[in-house]
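Step one of this worksheet: look at the structure below.
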Amino acid sequence: MSSGGIDTNFTLPSRYYTSKEIFQQELEQIFYSKWIYVACEADIPNPGDYVALKLGTKSFFLQRNEHGDVKGFYNVCRHRGHELVQGEKGSCRRLICPYHNWTYNLEGKLMVARGMNPDFPNEDFGLNPINVAVIGGLIYVCLSSPAPTDIEEVRSMLEPYLAPYELPKTKIACQKDIIEACNWKLVIENNRECLHCSSNHPELLVPLYSSGFGKGLDKDNIQPDERRFQEKLQEKEREWENLGLPFELIEFPDGLWFRTVRLPLANQCISHTLKPEDACKKLLGNFSRPEGSGLSLWTHPNSWNHFLSDHIVTFAVFPLSVDKTLVRTKWLVAADAVEGVDYDLEKLTYVWSKTNAQDQSLAEGAYRGICSGGYMPGPLADEEYLVKQFLSWYNDQLTQTPVH
Amino acid sequence: MSSGGIDTNFTLPSRYYTSKEIFQQELEQIFYSKWIYVACEADIPNPGDYVALKLGTKSFFLQRNEHGDVKGFYNVCRHRGHELVQGEKGSCRRLICPYHNWTYNLEGKLMVARGMNPDFPNEDFGLNPINVAVIGGLIYVCLSSPAPTDIEEVRSMLEPYLAPYELPKTKIACQKDIIEACNWKLVIENNRECLHCSSNHPELLVPLYSSGFGKGLDKDNIQPDERRFQEKLQEKEREWENLGLPFELIEFPDGLWFRTVRLPLANQCISHTLKPEDACKKLLGNFSRPEGSGLSLWTHPNSWNHFLSDHIVTFAVFPLSVDKTLVRTKWLVAADAVEGVDYDLEKLTYVWSKTNAQDQSLAEGAYRGICSGGYMPGPLADEEYLVKQFLSWYNDQLTQTPVH
Amino acid sequence: MSSGGIDTNFTLPSRYYTSKEIFQQELEQIFYSKWIYVACEADIPNPGDYVALKLGTKSFFLQRNEHGDVKGFYNVCRHRGHELVQGEKGSCRRLICPYHNWTYNLEGKLMVARGMNPDFPNEDFGLNPINVAVIGGLIYVCLSSPAPTDIEEVRSMLEPYLAPYELPKTKIACQKDIIEACNWKLVIENNRECLHCSSNHPELLVPLYSSGFGKGLDKDNIQPDERRFQEKLQEKEREWENLGLPFELIEFPDGLWFRTVRLPLANQCISHTLKPEDACKKLLGNFSRPEGSGLSLWTHPNSWNHFLSDHIVTFAVFPLSVDKTLVRTKWLVAADAVEGVDYDLEKLTYVWSKTNAQDQSLAEGAYRGICSGGYMPGPLADEEYLVKQFLSWYNDQLTQTPVH
C-alpha cells in the first residue's frame, strides 16, 4: 500500500513522531479542520449543562440549550477575553463572565454588556460558535467553517448501528484520563492492531477474540486458531439477524473516516469482564437480555468505542504536544442504574483500566525507541493492515508534505 | 484612540499576549531599555546591604555603598562569570566571588585578582554597572546606557507627592510573591481599571471608592452613584490644602510614564483595612494623626503603589516568560514600628492579599480565554480609559511593529 | 593561546553556554561523532548483562555477548520501533521486544519476526549497531561510522597506565547521579583547574595536592608552597620506578584527547579519604600493599578518573540540554570486596560526594552569572592552562564557527 509521500507498508519516518512543525501541521490540517470525537450526550444530560474541552491549544465548551440541543462555543468572552465557563463541567442558564459580568444566553447572544454606552451594538458581540454534530449520542466537533459535509454520510450509515444502545439515555459511571508520554499517532496505531494482544493483554483477551481486528475476517484463509472464532461468528450472525441488530462490517467506505463491525465475545462472556457475567444489571436501550457481542466503532483520527448490551466504553485521544497525549476513557451505563446495586465500578472498569495501562506502556516504549537515534521505519505485518489504513488516511489529510 | 498599528479602543490581538517573539521584543525595547521600578530603599537600609533581582533573563543586584548611595551591578564576576552575590538579600563590605576569590569594593572596583600575574590591569576589570535612580525612596533601574533622561522630569514632579511619607525611613513588614500564569500585560491592564471591582473585590471596596480609577474624576458628568465620592472629595481637598498635602491629578504628562492622584478613602476608613481603624499605630513621615486618604501612583510598565498615612503598599510586576508573571507586593511601615505591638501582619496585609488573589484569578482566566482560539479583540468601555492609555503607551515603546 | 574563532586566553562568549543551536551543534559534532566515555566493564560483568545509556537524545545499550565481548546497539526494535531493553540495567540471553515479540540474539541478529510472512528477510532487519572500544576496562562509544581511528593510539598509550588496576576485575560499589543546572562545558572547565580548590574543597585537599593540575609541574618555577609537593614527587617517582608503575605525564599528545599522570597523595594519605587509611581493605590488581599515589586520567570531552591502589573513582558527564548536565560518579572496588567488611560506603564515597556537591554549586553559580546579561569573557590565569587546552580542543572539533 503506497499513499502519496508515505510508504504505508512501513511505520512512519521518525520526524512524523517528533517534529513540532509536523505536530503543528497536524493540529491545523486535522484536529482543527476535521470532525473530531470529543464527548457524548451523557456528559451534558440537562439544559444548561456544559462541558469544557480542549483540542490542541483551542478551548471551547459544549452546552445543552433550552431546547435540548447541543451547542458549542469557544470559551471566551467578547469583552476582555476572559474564559466564560470554569472547571470541566457545570450548569447555568445564563453565561455570565466573571470579569465584568457581560452576560450571554444559551444561544450565545449577548444580553448585557456592562459598562458600555446605551448605543452599543450587542448583536455584533455574540459568542464565537463552533460546529457540532451528534451521531447516536456521540458528539463530534469541527473548529473550521465550513465544516466537511461528509458528516451526514457518516451519520446515515452509523446511526442504525448505534441506535439499539440508546446512548442519550445513559450516564457516565466513570471517566479516567491518562496522559501518555508519546506522540498521539502511536496511541492510534497501537489501537489499530491486535497482533500485540496475546503478549500484552491477558485481561482483554478473556472477553475479546483477537480475530476481527486485522485477522479472522478473511474467510478464505482461516488459520487453525481462528476456527472457533469463525464458528462462533456464524452462530451469532443468525442470532443478530433475528434480533434485528446490524452487524455487517463497514470499513472506511469512500474515504470516510470510520470502521464499525459487530463481533462475538469470547469465552461465553456477555460483557467486557473477566467472567461470563454482566458488568451492569440494567441493560441498555431495547435489550431485554444480555447479548454476547460487542459493536466496535473506530473513527479517525482519535477514537475507538465498544458498545455492549450492558455498558459502553468510549475512548477519545487528545494530542497535547508532539510528545504528550491525553487518552480519555468513559464507561457509560443505563441512566437509571445504581452504583453498588446494579454495577460495581471496580468490576465495570477493570478490563479496560488494565488494558489502557498496558497500551500506555507500549506506546511510550515505542516513542522512546523511535527517539533513540537508531530507529528506521519498520515493516508492517498483514495483521497490521488497519495501521496501514490509518497511515494512508493520515497521509491524505496533510495537504502539504511535512518537512523536517 | 488610535496609536500606530494598534487600535487602542480594543484589547490587543491575541499574538501580543502569546507570541514568544513579541515577548522578547518587549524585553529588549521596554524592560531592558526603560526605567523600571524594581525595589525600594527599605530593601537595603544599611551600607553593604544588597538585594538581588532579575528583569527578564538579566540578573543584577542593588547595594547601598559606604556613602549611603544605592549602586547597581550585574551579578557576575569578571573572571569566570560566577554570580557574585547569592540568595535574595544579604550584606557585605567586600564582594568576594566564591569561585576563585576575586574581590571588589562596593564601587565595583576590582581589588584582588587572585591567580593573575602582578602586571594584571585590575582597573580594566571592574564590575559591570547598571543605571539606578531613586525617587522618594522608590528604586528604578535602567539596563541600557545611556538611560532615558526623562527620569529627572519624573523625579521633579513626583517627589513632592511622595515626600510626606518618608519612605526611606520605613521598613518592609511583609513581602509576598505571586507567580501568575498569564502574560504580564494582563496584570497591568487589570490594574488599570476598576470596572471589575464591584463584582470581584468586596474587601478592597471597603476602603476604596471605585471612582477615581476611570470614572468619578470627570466632574462634568457625575453619575448618581458617584455623588458621595465627589462630595467626599471636595471636603477632603480642603483638608489636604490645609495639611499641605499635594493632591492634584498628574496623568502621564508629555509622554511621561506615571499617574498620581490623592483620593479619599471610603466608609470612614483611615487605611486599607476592613474597618475604620489603622493598620499600624506608628504613622509615617510627618503625619501627626491618621489621614483618610491614599496617594496612588502608577508607573508604566510595571508598577502601582498606595501611600497611606500609616503604611505603604507597593507592587512590582516582573515578566518571567510570555505566560508567567511575578507580582511582588511589599507592605512598608515606619522603621520603628514593632510587629505585634504597633501592627498585626494579618490585618496589615489582609485586603491586598485577598485582592491580589482575586486579580490573579481574573488575569489567568483572561489569559486562558485569549488562548482559546476563539478570542477576538474586545471593545473597551469609557471606564477602562486607563487601559487604553496603557496600550497607547505600550504601542509607542515598540520601535518596530511586532509580527506574528 | 588563540585557536580559530575563539580566544582561548578568555572564557567563551556567553552564547556558547546558552545557545540551543550551538548545543545542537556540539551534540552533532562532538557527542555523536567522537569517542565518548560512557561506562566501564564492571557495569556488565557477565554474558547477557546490559546497561542502557543516553547521549543527547540518542539511546542505546551495551551488552556483554556470549564470548565476553562488549557490544552496543541502539535501543530500538526494527519492527515498530519499541525500545528493546527497559530500565537502566538487566540481563538476558535473547533480546525480545515486549511489543510484538520480535527476537534478536546477542549479536543483534533477528531470530524471530513474529507476524511476518515466511519469506520475510530476517537478515535485513538486525539491530542497529554502534561502535564500542574498551581501554583498560573503560568503555568508549562512537555513534558515527566510520569512527575516528585515533582510538587505537589512545589505547596503546593508555593501557600500560591502567593495567595495574585491573578494572575488569572490579565491581561498582556505588553510583551517584547528579543533574546540574548548567551547561556541560562549565562542568568540564571546573574540573580542568584546581585554582578554585583552596577556597572550595577542604575535604579533597586532604588527600590531594592542588599542584599537578595546572601548577607544580613546571619544575623551573617552583613556588614556595609547592616545595613539599616537589620533594614528595621526587621521592615517590623512585618508588614508582621500583614498583614498575608508569608515572610520566602524557598530555594531549598529537591532538589526542587525553591527559594522564601519576601524582603523590598529600598528608600521608593512601587513598581519597580524610585520614591516612584505606577506603577498601582489598587492594586492586597486582598491588600487594597500599600505595600513596593516584593515577589521574582526563579524557575530552566528558570524563575524569582517579585510580588508587584500593579503589577507582570515575566520572562521566552527559549533556542533557543546553542548561542541564548529568554527572555520573562511580566508585569501584575489588570484585571480591565485601561491603561492611572490607569497605564502608559512607567512607569510600565521602570525599568525592562532598567535592561533587561543591563543584555543582560552583558550576551552577557560574551558569547563573554567565546568563546575567552583564557577563563578559574573563581572563584565564596561568594555573588555568588546562581550561585553555580544553577550549582549544573544543574549538577544533566544531567544523563550523557557531553563530548566535
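Here B:Ile44, B:Ile30 are screened, and the one residue that is more than 14 Å from chain C (Cβ to nearest Cβ) and in contact with a helix residue (DSSP H, G or I) (Cβ under 6 Å, 6 or more places away or on another chain) is B:Ile30.
Yes/no matrix, rows are residues, columns are (1) within 29 Å of C:Ile188 (Cβ to Cβ); (2) within 14 Å of chain A (Cβ to nearest Cβ); (3) in contact with a Gly (Cβ under 9 Å, 6 or more places away or on another chain):
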| residue | (1), (2), (3) |
| --- | --- |
| C:Thr8 | yes, no, no |
| C:Gln25 | yes, no, no |
| C:Ile36 | yes, yes, no |
| C:Leu62 | yes, yes, yes |
| C:Gly68 | no, no, no |
| C:His79 | no, yes, yes |
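Consider B:Gln24 carefully, then state whether it is modelled with pLDDT of 95 or more and not in a strand (DSSP E or B). So B:Gln24 fits the description; yes. Taking region A:100-114, which residues are part of a loop (DSSP other than H, G, I, E, B), more than 8 Å from chain B (Cβ to nearest Cβ) and either over 29 Å from the mean Cα position of the chain (by Cα) or of a type outside the set (D, E, K, R) (or both)? Result: A:Trp102, A:Asn105, A:Leu106, A:Gly108, A:Lys109, A:Ala113. When B:Arg227, B:Arg192, B:Arg155 are checked against the criterion of being of a type in the set (Lys, Arg) and under 25 Å from B:Pro290 (Cα atoms), B:Arg227 stands alone in meeting it. The number of residues in region A:345-381 that are among the acidic types (Asp, Glu) and either in contact with an Asp or Glu (Cβ under 9 Å, 6 or more places away or on another chain) or touching a residue at least 60 places away in the same chain (Cβ under 8 Å) (or both) comes to 2. Which residues, counting only those in region B:231-252, are touching a residue at least 60 places away in the same chain (Cβ under 8 Å) and among the aromatic types (Phe, Trp, Tyr)? Answer for region B:231-252, where residues must be touching a residue at least 60 places away in the same chain (Cβ under 8 Å) and among the aromatic types (Phe, Trp, Tyr): just B:Phe252. Restricting C:Leu332, C:Leu308, C:Leu348, C:Leu320 to residues that are within 20 Å of the chain's Cα centre (by Cα) and surrounded by fewer than 24 Cβ atoms within 10 Å (Cβ to Cβ) narrows the list to C:Leu320. When region C:374-390 is limited to residues that are within 12 Å of chain B (Cβ to nearest Cβ), open to solvent by less than 40 Å² (accessible area, probe 1.4 Å) and not aromatic (Phe, Trp, Tyr), the one that is nearest to the chain's Cα centre (by Cα) turns out to be C:Val387.
For region C:84-116, which residues satisfy the criterion of being over 26 Å from C:Asn131 (Cβ atoms) and touching an Asp or Glu at 6+ places or on another chain (Cβ under 7 Å)? C:Gly115, the sole residue that qualifies. Within region A:23-42, take every residue that is open to solvent by 10 Å² or more (accessible area, probe 1.4 Å) and among the acidic types (Asp, Glu) and give me the one that is nearest to B:Tyr367 (Cα to Cα). Residue satisfying both the conditions and the ranking: A:Glu28. For region B:245-270, filtered to residues that are assigned to a loop (DSSP other than H, G, I, E, B) and open to solvent by 60 Å² or more (accessible area, probe 1.4 Å), the residue that is nearest to B:Gly285 (Cα to Cα) is B:Glu248. In region A:81-95, the residue that is farthest from the other protein chains (Cβ to nearest Cβ) out of those that are over 16 Å from B:Arg368 (Cα atoms) and free of Cβ contacts under 8 Å to residues at least 40 places away in the same chain is A:Arg94. Here C:Glu166 clears all of (1) more than 12 Å from every other protein chain (Cβ to nearest Cβ); (2) at positive phi; (3) surrounded by 19 or more Cβ atoms within 10 Å (Cβ to Cβ) except the condition numbered (3). Surrounded by fewer than 19 Cβ atoms within 10 Å (Cβ to Cβ), in contact with a Gly (Cβ under 9 Å, 6 or more places away or on another chain), part of a loop (DSSP other than H, G, I, E, B) and away from chain A (no Cβ under 14 Å) - does that describe any residue in region C:135-149? No. Looking only at residues of region A:271-292 that are hydroxyl-bearing (Ser, Thr, Tyr) and under 17 Å from A:Val313 (Cα atoms), we find that the one that is surrounded by the fewest Cβ atoms within 10 Å (Cβ to Cβ) is A:Thr273.
Whether any residue in region C:85-99 is under 30 Å from C:Val313 (Cβ atoms), in contact with a helix residue (DSSP H, G or I) (Cβ under 9 Å, 6 or more places away or on another chain), part of a loop (DSSP other than H, G, I, E, B) and open to solvent by 20 Å² or more (accessible area, probe 1.4 Å) is what I want to check. There is at least one residue in region C:85-99 that is under 30 Å from C:Val313 (Cβ atoms), in contact with a helix residue (DSSP H, G or I) (Cβ under 9 Å, 6 or more places away or on another chain), part of a loop (DSSP other than H, G, I, E, B) and open to solvent by 20 Å² or more (accessible area, probe 1.4 Å). One residue is enough: does region A:356-363 have a residue meeting the conditions within 14 Å of another protein chain (Cβ to nearest Cβ), open to solvent by less than 20 Å² (accessible area, probe 1.4 Å) and either within 30 Å of C:Val76 (Cα to Cα) or part of a helix (DSSP H, G or I) (or both)? Yes - at least one qualifying residue is present in region A:356-363. Within region C:115-140, residues that are at positive phi have Cβ atoms under 7 Å from residues that are among the acidic types (Asp, Glu) and surrounded by fewer than 17 Cβ atoms within 10 Å (Cβ to Cβ) in these pairs: C:Gly136/C:Glu159, counting only partners at least 6 apart in sequence or on another chain. Part of a loop (DSSP other than H, G, I, E, B), touching a Ser or Thr at 6+ places or on another chain (Cβ under 6 Å) and either more than 30 Å from C:Pro164 (Cα to Cα) or open to solvent by 20 Å² or more (accessible area, probe 1.4 Å) (or both) - does that describe any residue in region C:54-68? The answer is no; no qualifying residue exists. Has region C:222-237 got at least one residue that is in a helix (DSSP H, G or I), within 20 Å of the chain's Cα centre (by Cα) and surrounded by fewer than 20 Cβ atoms within 10 Å (Cβ to Cβ)? Within region C:222-237, none of the residues are in a helix (DSSP H, G or I), within 20 Å of the chain's Cα centre (by Cα) and surrounded by fewer than 20 Cβ atoms within 10 Å (Cβ to Cβ). The number of residues in region A:193-204 that are open to solvent by 10 Å² or more (accessible area, probe 1.4 Å) and more than 11 Å from chain C (Cβ to nearest Cβ) comes to 2. For A:Leu27, the test of being hydrophobic (A, V, I, L, M, F, W, C), out of contact with any His (no Cβ under 8 Å at 6 or more places or on another chain) and over 30 Å from A:Gly374 (Cβ atoms) is failed. Among all positions in region B:302-320, there is no residue which is assigned to a helix (DSSP H, G or I) and within 27 Å of B:Gln223 (Cβ to Cβ).
Filtering B:Asn131, B:Asn117 for residues that are within 14 Å of chain C (Cβ to nearest Cβ) and touching a Cys at 6+ places or on another chain (Cβ under 7 Å) leaves a single hit, B:Asn131.
The values are calculated or read from the model by the stated rules, or taken from the named source; none is laboratory data. Here the structure is a predicted model, which is why all the values come from computation and not from measurement. Neighbour counts are summed over all protein chains in view; Cβ atoms, including those assigned to glycine, are modelled from backbone coordinates with ideal geometry. Quick note on the areas: whole protein, heavy atoms, side chains included, nothing else; ligands and nucleic acids left out. Shrake-Rupley method; radii C 1.70, N 1.55, O 1.52, S 1.80 Å.
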